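What follows is one structure encoded as structure tokens, with my remarks underneath.
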Amino acid sequence: MTIIDIPFLKRHHCWFCGEPNQYLFTFPHKKYFVFHCPHPKLQVPTCKECHQIALKAKADSIWAVNTQVKQGLMGLYKKDLAIGLNWTQEELANSQFEGGSFEGFQRSAWFIYGVAKQRMSYQGWPIFIDGLEVDVTYTKPCFAVDGAIYPSIDDAVQHYCYSFDLNIEFFRQVLNKVGELRFMHAVRYARLFVGSTPNEQAVALKEL
Ligand SMILES: [Zn+2]
């Protein structure tokens, strides 16, 4: 069993999300059989939460497990991640929530959002074993937009549609027209047509 090399500055980090590590995740492991694992059996340090998600991943390499862990974190913190898209820190601070649980929400929401975003966006260090890089030509599907890194462009699409109540088919078509480099432009455009009829959305697409 080989623990991957851990840079000194990362010695307390979870390889998946950067939170303090508590466990070692072994891959491949006996609960999920992998036929063509492109790297030797290895161990990465993880936090408890990522470890639990990683054990359930159905993936054939540690990098593919990473993508599924990020998707799992996104699922767990979906609401918290949506807060940051819907509000700015200032808006949240000045919001009129008072009393009861809302006050607590106001205080902690931005902090929780920040942590969730950071964990989702965290990029683990390159994998070396005994000083040799585990060399795999693996293309990470991750997608960066507006200061966050999503496990894939589709995860970003789904999260923005969830957060802003966008019609996902309409948004995909808008994005297809403007191109993924102008993702935020597509979001702003699609938001103008929330609640529009399919006909109005069809017209909006033509005018784009
Ligand atoms: Zn973690």
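Think of each Lys and Arg Cβ as +1 and each Asp and Glu Cβ as -1; about the Cα centre, that makes the dipole of the chain roughly 480 debye. Considering only Cα atoms, the convex hull volume of the chain works out to 160 Å³ per residue. Of all the options THR137, THR26, THR88, the one that moves most in a Gaussian network model of the chain with Cα springs shorter than 10 angstrom is THR137. Of all aspartates and glutamates in the structure, those lying under 13 Å Cα to Cα from LYS41, and not within fewer than 8 positions of it along the same chain, are ASP60.
Taking the chain as a Gaussian network, where each spring joins two C-alpha atoms under 10 Å apart, which residue of ALA54, ALA116, ALA144 fluctuates the most? Evaluated over the chain, the most mobile residue of the options is ALA144.
Sort region 154-208 into rounded, prolate or oblate with this rule: let a ≥ b ≥ c be the square roots of the eigenvalues of the Cα gyration tensor; rounded if a/c is under 1.5, and if a/c is not under 1.5, prolate when a/b is larger than b/c, oblate otherwise. Verdict is oblate for region 154-208.
Beyond 20 Å between alpha-carbons counts as too far, so tell me which of LYS10/LYS56; LYS31/LYS78; LYS48/LYS70; LYS58/LYS117; LYS31/LYS140; LYS70/LYS140 fall in that bin. Please list the in-between numbers first.
Details: LYS10/LYS56 25 Å; LYS31/LYS78 27 Å; LYS48/LYS70 14 Å; LYS58/LYS117 24 Å; LYS31/LYS140 24 Å; LYS70/LYS140 12 Å.
Pairs exceeding 20 Å: LYS10/LYS56; LYS31/LYS78; LYS58/LYS117; LYS31/LYS140.
Coupling constants for region 179-185 follow from the phi torsions by the Karplus curve (6.51 cos²θ - 1.76 cosθ + 1.60, θ = phi - 60°), and in residue order they are x, 5, 5, 10, 3, 5, 5 Hz; glycine and proline get x. With the convex hull of its Cα atoms as the shape, region 86-208 has an orientation-averaged projected area of 11.0 nm².
Partners of LYS177 within straight-line reach, counting lysines whose Cα lies under 23 Å from its Cα and excluding those fewer than 8 residues away in the same chain: LYS206.
Every read-out reported here was derived from the displayed coordinates using simple, explicitly stated rules and does not represent laboratory data. The structure displayed is predicted, hence computed values, not measured ones. Positions of Cβ are backbone-derived with ideal geometry, glycine not excepted, and every protein chain shown enters the neighbour counts.
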